[in-house]
1. Long-range amide H contacts for Phe125: which residues qualify at under 5 Å (H placed 1.01 Å from N, peptide plane, sequence gap of 5 or more or a different chain)?
2. Please compute the per residue accessible area over the chain with all protein chains in place, 1.4 Å probe, rounded to a whole number of Å².
3. Starting with the highest mean, order 113-126, 246-259 by the number of other Cβ atoms within 10 Å, averaged over the residues of each peptide.
4. Using amide H atoms built 1.01 Å from N in the peptide plane, name the residues 5+ places from Leu104, or on other chains, whose amide H lies under 5 Å from its own.
5. Using each residue's phi in the range 230-237, evaluate 6.51 cos²θ - 1.76 cosθ + 1.60 at θ = phi - 60° and report the 3J(HN,Hα) Karplus result to the nearest Hz, with x for Gly and Pro.
6. Can you pull the Kirkwood radius for the range 142-197, inverse mean 1/r over Cα pairs, to one decimal in Å?
7. Label 7 Å along Cα→Cβ of Arg81; the range 149-190 residues with amide nitrogen under 18 Å?
8. With the calculation restricted to Cα positions, what are the radius of gyration and Dmax of the chain in angstrom?
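The values are calculated or read from the model by the stated rules, or taken from the named source; none is laboratory data. Predicted, not measured: the structure shown is a model, and the values here were computed from it. For neighbour counting, all protein chains shown are included, and Cβ atoms are generated from backbone atoms with ideal geometry for every residue, glycine included. Surface areas here come from the heavy atoms of the whole protein model, side chains and all, with no ligands, DNA or RNA. Shrake-Rupley method; radii C 1.70, N 1.55, O 1.52, S 1.80 Å.
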Amino acid sequence: MKFELEPIGVVHTDRRYRYEAPRQGVFTGSPAEIELLPDRGFELALRELAGVERIWVIFGFHLNQHWHPLVTPPVAPPGRRIGVFATRSPHRPNRLGLSAVELLEVTGLTLKLGACDLLDGTPVFDLKPYVPAADAFPDSRVGWLEEAVAERYQVEFTPEFRERAELIRTASRLDLENFARVQLAFNPLDRSRKRLTPPSEPGGCWRIGCRTWQLAFTVAAELRRIRVSAVFSRYTAEELAPGAPDPYADKELHRLFRRRFG
């Protein structure tokens, strides 16, 4: 038996890339909107939804093409591979996702959401109300995840980094602070999963790549703390020369960044 799913709407948000998706939207997510399709009778289907504080959003992992029976979640005990059905990994047989999100407002066919883990362009297949009495089980065990949570690192940022990251975010919508929180909170030195460059001397800064940028950070392993101190352009002076090829259409931003911060 096969089912065919047709989207009822699409997500609009500043986050567009897989590496920008937070591990759990309720903790580090960002606002988003769901725009339902017109001429489908959804205006009636939305009746009374404005009185619902949280909703379940059933959506598709549109940026993934394959599934894996065993996965290594970013939040996992070191060296463990977990069955995909025991995780929230996007690499699923049918690429379906489920998120409980705060519903802030319903205007026409547009739903404004609070912090969530949805990416721009995500197809939405259904909406359901979150009912605390039926859907909340705070004392439930989560098995392997309980072991992993103890491995979380606290990610901190210097004012200098935040000033530079804000320029980049404003100009390009690339949120490097969110990228750092997502990539460095768990297993920050896992070179098999991250674009890492080790320090050139003991106690120095590691670097992690994000598109055409690099972030510098130090690790206090005994305190389980990450300090992100700087962001750098990955382009050389020759690559930023006038007339140089610009395959990612971002070199003008890099030139502005260097003029302002050196």
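1. Correct list: Ile8, Ile58, Phe59, Gly60.
2. Value for the chain: 59 Å² per residue.
3. Working: 113-126: 19.6, 246-259: 14.1.
Highest to lowest by the protection proxy: 113-126, 246-259.
4. Lys112, Leu113, Gly114
5. Here the 3J(HN,Hα) series is 7, 9, 10, 6, 8, 7, 7, 4 Hz.
6. Working: mean 1/r = 0.0769 Å⁻¹.
It is 13.0 Å.
7. none
8. 20.7, 64
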